[in-house]
Structure formats: structure tokens, C-alpha cells
1. Take every DSSP beta bridge with both residues inside the chain and express the antiparallel ones as a percent of the total, to the nearest 5.
2. Which whole-number percentage describes the relative contact order of the chain, with Cα contacts under 8 Å and a sequence gap of 6 or more?
3. If you count, for each residue, the other Cβ atoms within 10 Å and average over each peptide, how do 92-100, 133-141, 175-183, 104-112 line up from highest to lowest?
4. Name the long-range amide H neighbours of Ala178: under 5 Å, sequence gap of 5 or more, or other chain; modelled H, no Pro or chain starts.
5. Hey, rough spin-label estimate for Ala37 and Ala9, points 7 angstrom out along Cα→Cβ, what's it come to in nanometres?
6. Take the Cα atoms of the range 2-174, find their three principal axes, and give me the spread along each one in whole Å, biggest first.
7. Before rounding to the nearest 500, sum -39500 (n - 2.57) across all DSSP H runs of length at least 4 in the chain and divide by the residue total; then give [θ] at 222 nm in deg cm²/dmol.
8. Can you list residues from other chains, or at least 5 along the same chain, whose modelled amide H is less than 5 Å from the amide H of Gln50?
Amino acid sequence: MRESLAAQAAGFKGAKIKVGKAHVSEDMARLKAVRAAVGDGFEIMVDANQCFTLSEALRRAPRYAEVGIAWFEEPLPADDITGHARLAAASEVPIAVGESLYSVGQFAAYVQQGAASILQVDVARIGGITPWLKVAHMAESFNLAVCPHFLMELHVSLCAAVPSATWVEYIPQLDAVASSRLQIIDGHAVAPTAPGLGIEWRWDQIRQRAKAQTRIGAPAP
């Protein structure tokens with residue numbers, strides 16, 4: 001709850017909370033406490049990290065809906081497309097998937113079966129900017145949302161380029177090795193205007209963390 005309140009105070013429009021406690025009542029106690037603290041205008045997303053069976057996800061989804069959850073992320077194993085389709089058809093809460101999908105074809109299979117309404121395509125995992133854009137345009141064609149996973153410094157520019165994007169996930173994991181920072185104004189991520197990927201690497205920090213180094217074209221030792 002403290003982290004959600006801190007995010008709200010910092011101007012963020014929503015926060016993600018992990019779920020998957022042994023009993024749904026434990027999840028609900030935490031979610032209700034957060035909702036009471038942040039109010040109705042602040043979005044709460046839940047992430048199960050693929051931990052549920054279909055029957056348990058079907059049981060929990062309507063309970064999560066009681067507190068106005070914005071999406072139910074990775075409720076089932078990523079290869080269970082049929083299970084996701086059954087859950088999506090039954091759930092009032094939108095189903096989000098994507099960080100464990102690695103090709104345009106995998107996203108297409110989810111879309112074709114109506115197994116998700118929020119696609120969390122990750123540019124680093126799907127193979128680069130071109131396949132990321134293919135998924136984003138596919139989402140637009142089917143009136144689905146894109147909410148990319150991780151690498152916010154690059155994703156913010158991609159999201160600015162497609163109408164299907166709705167959220168940018170804030171994970172500052174590059175801060176130790178990059179000097180660039182995501183610009184946020186009034187709770188909204190702002191794409192940089194300078195050319196490039198939006199990441200200014202701190203090569204001194206990267207070299208300190210390197211296990212081995214080589215230079216392309218350098219003579220053999």
C-alpha cells in the first residue's frame with residue numbers, strides 16, 4: 001500500500017500489484033486496502049506471473065473485479081492459449097499477456113482465439129522494433145490495447161507512434177547503467193525528441209559489470 005500511495009503522490013496514474021497468495025482472501029485483503037487508500041481514480045493492475053490453473057483463475061477473476069482492477073496479467077502459463085481464451089470470455093477483468101511471448105505468430109494465436117485484450121509486447125524479447133510494430137498494428141486492427149513490458153526508455157517512442165498503446169510500464173532497471181531518464185509530465189510518459197533509441201549508456205558502468213569483452217574486427221590474441 002505504501003508503494004502505491006508513493007506512486008500516486010509522484011503523479012503516476014496507476015500501479016501494479018502481485019497476486020497469487022495461497023488463498024484468494026489474502027489477495028483481496030491487500031487489494032481492498034490499496035483501493036481504499038488510493039481511491040477509485042487510480043488504476044490497479046494485478047500480475048499473477050503465470051501461477052494459476054484455469055479453474056483458480058476463473059475463481060479469482062470476479063473477486064479481483066470487485067475492486068475495479070484494470071487488468072489481470074499472466075494468469076496462466078503462457079503456452080495455455082485455450083485456457084486464456086476461456087478465462088477472457090468469462091472475465092469482467094481484461095486479460096493481459098505478452099512478456100513471455102517471443103514472436104509475432106504467438107501474439108497472432110492469442111488474438112485469433114480472443115485470449116487477451118491487452119498485449120504486453122516487449123521489443124527486446126520479440127526481436128526488435130519491426131516485429132514490435134507488427135504486433136502493435138495487429139492490436140490496432142482488432143481494437144486491442146498495447147501496454148509494453150520493460151525497457152520504457154525505448155518503448156515510450158514506440159508507443160507514441162501507434163494509436164493502440166495505452167500504458168508504458170515504469171521499471172527503472174537501467175538507471176545504474178544509463179544516464180537517460182524517462183520524462184514524465186502530469187503522469188504521462190513523454191517521448192524524447194532527439195534521434196536514437198532514447199537510451200544514453202554509461203559505458204564506464206557497463207565495462208565494470210562485463211564478464212568478458214571483445215571488439216569486432218580486432219586481431220586475434
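FYI, it's all coordinate maths here, none of it is from the lab. Note that the structure is predicted; figures quoted are calculated from it, not measured. Glycine also receives a Cβ, built like all others from the backbone with ideal geometry; neighbour counts cover every protein chain displayed.
1. If we restrict to bridges inside the chain, about 20 percent are antiparallel.
2. 12
3. In decreasing order of mean packing, 92-100, 133-141, 175-183, 104-112 become 92-100, 133-141, 104-112, 175-183.
4. Result for Ala178 returns Arg202.
5. 1.1
6. That works out to 42, 37, 26 Å along the principal axes.
7. -11500 deg cm²/dmol
8. Amide H neighbours of Gln50: Leu76.
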